[in-house]
Each structure stands twice: as structure tokens, then as C-alpha cells.
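The values are calculated or read from the model by the stated rules, or taken from the named source; none is laboratory data. None of the values given here were measured: they were computed from a predicted structure. Cβ coordinates were reconstructed from backbone atoms using ideal geometry, including for glycine residues, and neighbour counts include every protein chain displayed.
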């Protein structure tokens, strides 16, 4: 069997890269292109075409005029990284389909993000979500949260760039350096030139490629194994369909409860308190569009989860008697999906190139979204406040646009450099990546949650809550890396491989400790720590009695709840609004 790419596969891959580049170029020169077309066809120029192409709000927020369809697709595509694509397939292959319970987490997290968190951000007309933290808790909390986000996102998108490139290179022989550099440079190019419009519209294309390609893999796999019934029977016999645990043990890697409730916290950290997604909400033309975009991602992500797990079941049925991991045909579990494609489509030109496009589409969508959001945070939360602190003036609009462009380029190219340092990657990247979001993203969600839902937490409580929850989250995450928890897998077999005959059941190694806590619980633990510490420090410093919180910084549900609650101390909020202006750095209250 030939496990290398045909020249036609590279042509297919290059075609899609050129398409993404073309979208970036079009969005960069969108106004002159439309103006020229209007002159040719004598059409009346649309209002949106009057926007200057170098306007910073257009670059970062699409002039706040993006419609429902591209935003829905972009939210979904930026979340469906190559890490989740490769990792979810491996999850079903090795551990069964219990991960489907993440749909329960979606059912909790998406409505909360749409109804509680998003309206607060949108009404403030922010550019960076961390501006909210300055309004609510002061500059120190904003700076700390911004630095945490920068570390988290820079590390994560570098991981997203590296992991699929490594998996494909070791299966197909495609040079690792070529994969990393090509993907990183292309994403940086169209993000820097076209801004969030280029990111959003390339996300639409990438989601189409992802969906079509995965469905093709599943359909071809089902045909190759003998049909849906044969696939079901093999998966059932291998216990892949009944691997559900209802244990309340928090040290168990996955259970229905951990996936539903721990996963809900993790998803809420991504969709309710992460600049990458919040920036898309802020780019919507109205709040109704933003709300619908979030809620529509519930069924769309659920369907895509089923497709990803189905690809894992296809892999198990196809390799049921010759496990490529046990037979050393692949070095790491995350190379399973690329290897499956190389086998399924052996001798079929172009299709392997389409799969290559699938993997890199998943990488590009997350990478470009991360670069765009990082550039926004660096400009709005670091450069502008520092410039104001030093000079007493704000950065001029043209300089902001230039700085945003330069920041995008530097961030994008730096991820390429960091990606080459990930050669000691964990063998299972999905928990590693989600653990990162739980350990570092959990504290950010915690501080936003305290701000929006708990009006009595003041500036001192906010700082203490953020630092304490960050300490606990990082401690748990590092402990799990140093003392990896035992993770038993379901049986795998190499009985029909052309090598030594074995039946493999991976036995859990090591002992269970505190660090065996499921990575899904990192976010809930961080939030509990933040609540306790935040309330304690706020109580010690008099809550917000002397300086009540403006009502605009609280969710409307919070205001209703506290109006009906008999509070034994002075009110912690009042009907004041925050006035935000692009030319202002400090908080001004009416």
C-alpha cells in the first residue's frame, strides 16, 4: 500500500490555500473592488462600501455589520480545531463514544453564553472583552486577564499549528517544516490583510471543506467495512457503544457527569469569556444576530460531534483485527485519522489532497481566529493603555490600524516559531488542549462570572479571586503532566496483522492522586475557588457599599434577582451606566 501523496493531492491542497489567500486579498481591497464593479455595472454604491478599508474598527470588528450566516459558521469553525478533529476520532477509537455526552455540555453552555454573558458585552460596545474587567474591577484585573489570555491563546494556536502537521508528516512523509510554515504563513497573511472579515469568510469555506471531507471519510469507511449494520455490530462487540459511566468519582477521566457539567464549564469559558468568540459577537450587526448565532451553534456543534465520533467508529471497525497503534504502523494515537484516510483512499487521486485540506482548514480557522483576537488584545489592552499612561494621550486612529496590522503579523509568525518547540507533545492532545483551556481559561471565566453575577465583589476581591483561581488551575494542570493519571482503554487487537499475534488491552499505569482529577473539572474548581476567595476579600474590604456597581455591568437576570433578595447590607449596585468611547482609556460614569 502506498502511504504517500500523489502530485494531484498537492494540487488539491494548493488550490484551497490559494482560495483562502484570495479571500484575504478581496477583504483587504473590498472597497475599491466593489467601487470599480459598481462603476462598470452602474450600480449604486452600498453604504457599507463607504467604510474606509484601513479603519481599525473594520479591521478588528468588520464595522460591527456582520450578518448571521458567516458568524454562525465562523464561531463553529474556529472552535473545531485540528486538535479536536484528530482527538475526537481517536477518543471514539480508543475509549468509545462516551464523549458524545459533551452535547449535554453544549446544551448548558450555549444558552448561558447567549442569554447572560453576551448581552453585557454587546451593550457596552467593547472592542476587547477585557475592557469590561477594567470597568468592573479596575486596570490591574484587566491587565492580568489580558496577559493570561495572551499566554493561553499563543500557546494553544501554536499547538493547533504543530499537532496536525506532525500527524500528517509521520503518516505520509510530508515534511513537518513545510506543513508548519505553509499553514502559519497563509493564516497570518490573510488575517493581517483582511482582518476579521477575511477570518470569518474563510471560516465559512473551511467549515464547508471540513464537513464535506469528514462525511466522505465516514461514508467510504462504512462502505469498506460492509455497511452500517456491520459497523454497528463490530462497534458493539468491541464495547465502543456502551462505554458510558455514571460514576460520581471526580478522579475518573470521563463520566457522563464530568462531560455534562465539567464540560459545560469548559465550554462556557470558551464561548462566554474568551476574546476569540466574544469578538465575533461584537462584530454582529445587532444583538439579536449575536444571540441567534450562539444558539444555532448548539445543534451544529452537536451534529459535527456525531460525525467526528462516527469517523472514530469507522476507524475501529476497519482496523478491528489490526490495530495500527499496537502494530506500530503509527507512532501516536493522534495519527490515526490521517492513517485511516491514507488506507481508505489508497490509489484514489485527489481525495487524499482533500483530506490534507480538511486538516489544514481546521488548523487555519483556529489559527487565524487566534491571531486576530490576540492582535486585538495586544492593541486594546496593552499598547493603548501603556501609551496613554506614558503620554496622557490616546493612539491616533491611523496608528492604531498600523499597530493592529503589525501585531497580527508578529503574532502569526511567532506561532510558527513556537510550533517547532512542541516535539515533546503528549501522546493524546485532546485532554492536553482542553486541560489548558480549563486551567488557564477557567480563571478568566471565573472573574467575568463574578463581575456579571455577583455585584458585591469589589476590586480587591476581583484581584484575589483571579490570582487564586489561576494558581489552583495551573497547579492542577502541571501536576497532571508531572504525575499523569492512569487511563485504561478498551481492548484492541493485532491478531490479523502481518507480525506477532497479540491482543492488546492497555492497563492503567500509576496510582490515582489528586492530580488524577478529570481535566473537565478544572474550570468548575477554578470558579469555586474564585467565588470563595473573591467574597472573602470583598467582605474584608467592605464590599461595594461606598461605590456601587453600575447596572450596565451586570446581567439583567442579576438585577432582577437582587431586587427580590432581602440583602442584610447596603445595595451593591445602582442604575448608573458606563460610557464607553473609542478615544477614552479610563472608565467614565454618568
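Counting the residues of region 231-250 that are more than 20 Å from residue 261 (Cα to Cα), touching a residue at least 40 places away in the same chain (Cβ under 8 Å) and surrounded by 13 or more Cβ atoms within 10 Å (Cβ to Cβ) gives 6. Evaluated against (1) in contact with a helix residue (DSSP H, G or I) (Cβ under 8 Å, 6 or more places away or on another chain); (2) without any contact (Cβ under 8 Å) to a residue 60 or more places away in the chain; (3) surrounded by 20 or more Cβ atoms within 10 Å (Cβ to Cβ), residue 273 falls short on exactly one condition, (2).
Summed over region 348-357, residues that are at pLDDT 80 or above and either part of a loop (DSSP other than H, G, I, E, B) or under 22 Å from residue 71 (Cβ atoms) (or both) total 2. Would you check if residue 140 is at pLDDT below 85, surrounded by fewer than 24 Cβ atoms within 10 Å (Cβ to Cβ) and at negative phi? The answer is no for residue 140. The number of residues in region 324-339 being within 21 Å of residue 99 (Cα to Cα) and either crowded, with 23+ Cβ neighbours inside 10 Å or out of contact with any helix residue (DSSP H, G or I) (no Cβ under 8 Å at 6 or more places or on another chain) (or both) comes to 6. So for region 287-301 (the condition being crowded, with 24+ Cβ neighbours inside 10 Å, touching a residue at least 24 places away in the same chain (Cβ under 8 Å), farther than 28 Å from residue 10 by Cβ and touching a strand residue (DSSP E or B) at 6+ places or on another chain (Cβ under 7 Å)), does at least one residue qualify? Scanning region 287-301 turns up at least one residue that is crowded, with 24+ Cβ neighbours inside 10 Å, touching a residue at least 24 places away in the same chain (Cβ under 8 Å), farther than 28 Å from residue 10 by Cβ and touching a strand residue (DSSP E or B) at 6+ places or on another chain (Cβ under 7 Å). Scanning region 232-254 for residues that are at pLDDT 90 or above and within 22 Å of the chain's Cα centre (by Cα) returns a single hit, 254. Counting residues in region 318-329 that are in a helix (DSSP H, G or I) and modelled with pLDDT under 95 gives one or more.
Listed here are the residues, each with its yes/no results for (1) more than 20 Å from the chain's Cα centre (by Cα); (2) modelled with pLDDT of 90 or more.
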site: 105; (1), (2): no, yes
site: 128; (1), (2): no, yes
site: 152; (1), (2): no, no
site: 171; (1), (2): yes, no
site: 175; (1), (2): yes, no
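For region 543-575, a residue qualifies if it is more than 17 Å from residue 131 (Cβ to Cβ), in contact with a strand residue (DSSP E or B) (Cβ under 9 Å, 6 or more places away or on another chain) and either at pLDDT 85 or above or surrounded by 14 or more Cβ atoms within 10 Å (Cβ to Cβ) (or both), and the qualifying residues are 544, 548, 551, 558, 559, 562, 572, 573. Contact annotation: residue pairs with Cβ atoms under 8 Å, 6 or more positions apart or on different chains, pairing a residue in region 122-133 that is in a helix (DSSP H, G or I) with a partner that is surrounded by fewer than 23 Cβ atoms within 10 Å (Cβ to Cβ) and modelled with pLDDT under 90, are 124/578; 124/580; 131/580.
Just so you know, in region 60-82 the residues that are surrounded by fewer than 24 Cβ atoms within 10 Å (Cβ to Cβ) and within 15 Å of residue 102 (Cβ to Cβ) include one that is farthest from the chain's Cα centre (by Cα), and it is 76.
Of the residues screened, residue 248 is one that is farther than 24 Å from residue 83 by Cα and in a loop (DSSP other than H, G, I, E, B). Here is the figure for region 19-50: residues that are in a helix (DSSP H, G or I) and either over 21 Å from residue 405 (Cα atoms) or at pLDDT below 70 (or both) total 14. When 348, 406 are checked against the criterion of being more than 18 Å from residue 150 (Cα to Cα) and without any contact (Cβ under 8 Å) to a residue 12 or more places away in the chain, 348 stands alone in meeting it. For region 178-196, the candidate set comprises residues that are surrounded by fewer than 24 Cβ atoms within 10 Å (Cβ to Cβ) and over 18 Å from the mean Cα position of the chain (by Cα); within that set, the residue that is farthest from residue 342 (Cα to Cα) is 193.
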